[in-house]
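Here the structure comes first, spelled out in structure tokens, and everything after it is commentary.
The values are calculated or read from the model by the stated rules, or taken from the named source; none is laboratory data. This structure is a prediction, so every number in the text was calculated from the model and none was measured. Quick reminder, even Gly has a Cβ in these numbers, built from the backbone with ideal geometry, and neighbours come from all protein chains shown. Calculation scope for accessible area: heavy atoms of the full protein, side chains included, ligands and nucleic acids excluded. Shrake-Rupley method; radii C 1.70, N 1.55, O 1.52, S 1.80 Å.
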Amino acid sequence: MNAITCTQVSKNFGDVKALDQVSLSFEEGKIYGLLGRNGAGKTTLLNCITGRMFPTGGEVYVDGETALENEKELKKIFYMGQQELYPEEMTVNKVFYWTGQFYGGFDLEYAQNLCQKFGLDPKKKTSKLSTGYRSIYKLITALAVDAPYILLDEPVLGLDAGHREMFYRELLENYAEKPRTIVLSTHLIEEAASLLEEVIILHNGRVMCHKTCEELLHSGYTVSGKQSEVDAFIAGKKVLSQQSIGGLKTAVIYGKPEEDMPQTLETGRMDLQKLFVAMTEENGGELL
Amino acid sequence: MKLTSKYYLNSLRNSFLMAFGIILGLSLSFGIVLRSAQSENLDYSISGFELTFMIFTLVTGLVSFRESFRFFQQNGISRKSQFTGWAVSLLVLSAVEAVVAILSGRVLGLFFNYRGIFNQLYQTLQTSGNPALLLVQEFLWVCMACLVLGWAGFSFALLYYRLSKMGKILVSILVPGTLFILLPMADQHFLGGSYAWLLEKAGMLITGYLPGGIYPMVPVAAALVCSAVLAVLSWLMMRRAEVRS
């Protein structure tokens, strides 16, 4: 099966282990969420996959071939990182031109269309763009490029709510039209949750969890009602979080809802962000 | 490699034309002013294309690595392709510079007393030597001078890119300190003139002024060897270079 596969990938910065024997796969045609707290190793992993950094140990394969300095395989990956790697003097139009030259099959018409939708002037130099528009021109490049693997590291950095909505919509439309592997590394979990098919959580440089989004969302539930009744119900259960307003309380519980739930309590669907926060807190790994 | 060369040459085109325009403008201005002064029995000569292109290539080497490396990494280009792309581009640039410098010198020579560095250095060969052979030698001399300076700039930029902050400080202080202060002092007190002898020999290699005669192809060969050494060093530094923030 076609995929990006990491086997035992490690990366050390001096004494710091940024990645510790990470093994995972990004399979063909799926949207992945790569989640993790700050410093968990997400960006380092993406850098190692794309050869921007050399892993201290382990191997990265793209469609079964080693990716390290293998241009044929590296051309299958377009990685939009947080760092500005385009020359400051380059205009957005030139970015499109050169991306087309290097990757081939760049959809210039679609890119120009997206520029119009997002209100981006492609004649502008990349260094003259605001933080938000710097993300936007890179996102447009990623959407218009003809690569089977798209890695997006904090893609909506600096984007306002309207542009974020537009991007998520465009991403889904693009994916529906041309299914490919998309890896979203983001801190805005709540916003991206509805897009994700699979979730990989990195914690302290290790893979903490790799499940489908549905599996994760069914691993817990919320319960709300009168404070005293909720308190009585959650006693002895694995509570991920709880919140009280007035006399009412909502708690997020890990596990499956009981069949004989008190009639006075309401149950609801788990929130991916709350689960993520709970899992990555100290001793959170015990939830798994 | 073809695409990386295309990118390099594309990004060099404008700055090269600018450097050429500036030196052409300066040469014409000085030529006109000095020619009118010649009528008052003042001797004059102008030059500068070779030197301008040599400095231009050195600066190009210095500034070419970081930005291009990051851009190529963004586009999934292997370090090997980047390196060969640069090597080809530098060779093309040096050859173009040599041709442009010689042609410009010849054209300006029709109107002014233009004497390029090569003609000044090897004046004695001009009258006795074969003109066609001299032209080839001039081309190779300018081309190789540009080439070695381009590699020098590129390898220096790579060295600084790879070094840590402390390493950069140490190299910045130790290299000039050793070459210009420590070694001359040591030469005076302990080395018995060996360093000065070495510099003299290096000077002979660079100019081709050897005890047996004047050989313009000696500096060409020396530049070629130095370029090869610098290219190998550059590759060794580049093959493990990573994108830094």
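Data overview
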quantity	calculated
Hits among aspartates and glutamates - C-alpha to C-alpha of residue A:249 under 15 Å, sequence gap 8 or more where chains match	A:229, A:231, A:266
Solvent-accessible area per residue for segment A:32-106 (1.4 angstrom probe, square angstrom)	34
Residue B:59-residue A:131 pseudo-label distance in nm [points 7 Å out on the Cα-to-Cβ vector]	3.5
Shape category assigned to chain B from the gyration tensor of Cα positions, a/c cut at 1.5	oblate
Gain in span if fully extended, residue A:241 to residue A:28, counting 0.36 nm per residue against the direct Cα distance	73.2 nm
Computed FRET value (nearest 0.05) for residue A:178 with residue B:194, which takes r as the C-beta separation and R₀ as 60 Å	0.30
Surface share of carbon and sulfur [accessible, 1.4 angstrom probe, percent] for the protein assembly as shown	60
With eigenvalues of the C-alpha gyration tensor scaled by 5 and rooted, the protein assembly as shown, Å	63, 26, 19
Residue-averaged [θ]222 nm for chain A, counting only DSSP H segments that reach four residues, each worth -39500 (n - 2.57)	-9000 deg cm²/dmol
Over chain B, relative contact order from alpha-carbon pairs under 8 Å, at least 6 apart, %	26
Stokes-Einstein translational diffusion, segment B:180-225 - Kirkwood Rh over all Cα pairs, 1.306 mPa s, 10 °C, in µm²/s	137
Residue B:233-residue A:71 FRET efficiency (beta carbon distance; Förster radius 25 Å; 0.05 resolution)	0.60
Inter-probe distance in nm under a simple model that places probes 7 Å from Cα toward Cβ, at residue B:169 and residue B:2	4.9
Theoretical gain in end-to-end length, residue B:161 to residue B:135 [0.36 nm per residue, Cα-Cα removed]	5.5 nm
Relative intensity, log₁₀ I(q)/I(0), of segment A:220-269 from a Debye sum that treats every alpha carbon as a point, q = 0.13, 0.14, 0.17, 0.28 Å⁻¹	-0.23, -0.27, -0.40, -1.16
Length released on extending from residue B:224 to residue B:111, taking residue separation times 0.36 nm less the Cα-Cα span	37.3 nm
Shielded residues, segment B:57-82 - accessible-area loss of 30 Å² or more between chain alone and all protein chains, probe 1.4 Å	B:67, B:70, B:71, B:73, B:74, B:75, B:76, B:77, B:78, B:79
Where chain B is the region considered: accessible area per residue in Å², 1.4 Å probe	53
Largest-first principal axis extents of the Cα set of segment B:61-150 (Å)	54, 24, 17
DSSP bridge orientation in the protein assembly as shown - percent antiparallel, rounded to nearest 5	70
Qualifying lysines (Cα of each under 28 Å from Cα of residue A:11; at least 8 residues distant if same chain)	A:30, A:42, A:72, A:75, A:76, A:138, A:211, B:80, B:165, B:168
Per residue value of the accessible surface for segment A:168-267 (all protein chains in place, 1.4 Å probe), Å²	53
Neighbour-limited loop hits for GluC sites (Glu not before Pro), segment A:44-116 (at most 10 other Cβ within 10 Å; DSSP other than H, G, I, E, B)	A:88
DSSP bridge orientation in segment A:3-215 - percent antiparallel, rounded to nearest 5	55
Chain pair B, A: total accessible area buried, heavy atoms, 1.4 Å probe, Å²	2400
Semi-axis lengths (Å, descending) of the ellipsoid that matches the C-alpha gyration tensor of segment A:3-215	27, 19, 17
For chain A, built as a Gaussian network whose Cα springs stay under 10 Å, the top-fluctuating residue of A:267, A:222, A:141	A:267
Mean separation of Cα contacts under 8 Å, 6 or more apart, over the residue count of segment A:3-215: relative contact order %	30
Relative contact order (percent, whole number), segment A:220-269, Cα cutoff 8 Å, 6+ residue spacing	52
Segment A:209-288 versus segment B:43-62: alpha-carbon centroid distance in Å	73
